[in-house]
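The values are calculated or read from the model by the stated rules, or taken from the named source; none is laboratory data. Keep in mind it's a predicted model, so treat the numbers as computed, not measured. All Cβ positions, glycine included, derive from the backbone under ideal geometry; neighbour counts span all protein chains shown.
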Amino acid sequence: MGTDAVILDATTAEVEFVAGSSGNDVLTAVGGVTGVTFYGGEGNDQLIGGDGNDVLVGQAGGDILTGGVGHDVLNGAEGEDILVGESGNDMVYGGTGSDQISGGDGDDTISGDDGADWIFGGGGGDYLSGGDGDDVMSGDEGNDTLVGHTGDDTIAGGVGNDYLAGGTGNDVYVFTRGDEADTISEVDVTAGNTDRLAFGTAINPLDLILSRQANDLRLAIRGTSDQVAIENWYLGDEHHVETIQAGNGQALLNTQVDQLIHAMAAFTEQTGLTWDQAVDQRPQDVQPSWRRVGNR
């Protein structure tokens, strides 16, 4: 057992593969070194890639892997690891354990695998997969795809036109002002599971305009181009998000959605006002519509 510190630089350019010991190793590529492969071995290791397309495998222990520049492959393998892709189109795998993963810039593919993982896509159009466990995922900037799979996941697309699929479990979808246009795909036939769409604090009940668009439920944010579409809502309960929660905490159940849509349509027909006009000019008349339906 020992602790090794290995630095690859221009003087060791012919070395492309390094395997750590059973101790806590630090393996680093610097000075323009490209295309290295590091295996950490046992212990809590730190693997730092260089300017090329590197392969970093943590193996056993709680490891820290940093890809650096290039299109890197990072695999935490066993243990509770921290993995940072940085720039480039990286492929990052958490492995077993509850890992913290950040893709950085670029179009990254990230899989949390087993455990309760924290996954942050960063810039670019990323694909995030939670795997098993109760994961927290955020796409950040770019048009991202986030798939929770099993477990009670929290999923936020961030800025961009994102595609969110919770999978099985009690999932929470998060949407805030400026997130642009997200699509939620919910398919869960498990009895008793309840999913929730949670809007940020700046989105209150009267900011939400609900409508049916073919088989989808559309929730537009008043005065913006932001919107959420829940795919195939009208094809069956398995596609429903059971609770829609506004930023002030007030909730609307999936069984009350059509009642609210009809109430909004009836009010605008009776008054001759659009929903935007009604909220601006006669909020005292519009507010009870949400309360009457949402709190029944």
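Out of region 223-249, which residues are part of a loop (DSSP other than H, G, I, E, B), surrounded by fewer than 16 Cβ atoms within 10 Å (Cβ to Cβ), touching a residue at least 12 places away in the same chain (Cβ under 8 Å) and within 24 Å of the chain's Cα centre (by Cα)?
Hits for region 223-249 are Thr224, Ser225, Asn248.
Of the residues Ser87, Ser98, which single one is more than 26 Å from Asn161 (Cβ to Cβ), in a loop (DSSP other than H, G, I, E, B) and among the small types (Gly, Ala, Ser)?
From the options Ser87, Ser98, the qualifying one is Ser98.
Quick check on my filter: what residues within region 150-206 are in contact (Cβ under 8 Å) with a residue 60 or more places away in the chain and out of contact with any helix residue (DSSP H, G or I) (no Cβ under 6 Å at 6 or more places or on another chain)?
Scanning region 150-206 gives a single hit, Tyr173.
Can you pull out the residues in region 141-155 that are under 14 Å from Gly123 (Cα atoms) and surrounded by fewer than 19 Cβ atoms within 10 Å (Cβ to Cβ)?
Correct list: Glu141, Asn143.
With the checklist (1) modelled with pLDDT of 95 or more; (2) assigned to a loop (DSSP other than H, G, I, E, B) in hand, flag the one item Leu146 doesn't pass.
(2)
Among the numbered criteria (1) in a strand (DSSP E or B); (2) closer than 17 Å to Glu242 by Cα, which single criterion is violated by Asp182?
The number of the failed condition is (2).
Each row is one residue, and each column tells you yes or no for (1) among the hydrophobic types (A, V, I, L, M, F, W, C); (2) outside any strand (DSSP E or B); (3) within 26 Å of Gly148 (Cα to Cα).
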residue: Asn193; (1), (2), (3): no, yes, yes
residue: Leu206; (1), (2), (3): yes, yes, no
residue: Leu217; (1), (2), (3): yes, no, yes
residue: Ala263; (1), (2), (3): yes, yes, no
residue: Gln277; (1), (2), (3): no, yes, no
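Select from region 254-267 the residues that are closer than 18 Å to Ala220 by Cβ and surrounded by fewer than 16 Cβ atoms within 10 Å (Cβ to Cβ) and write down the one among them that is modelled with the highest pLDDT.
Applying the filter and picking the extreme gives Asp258.
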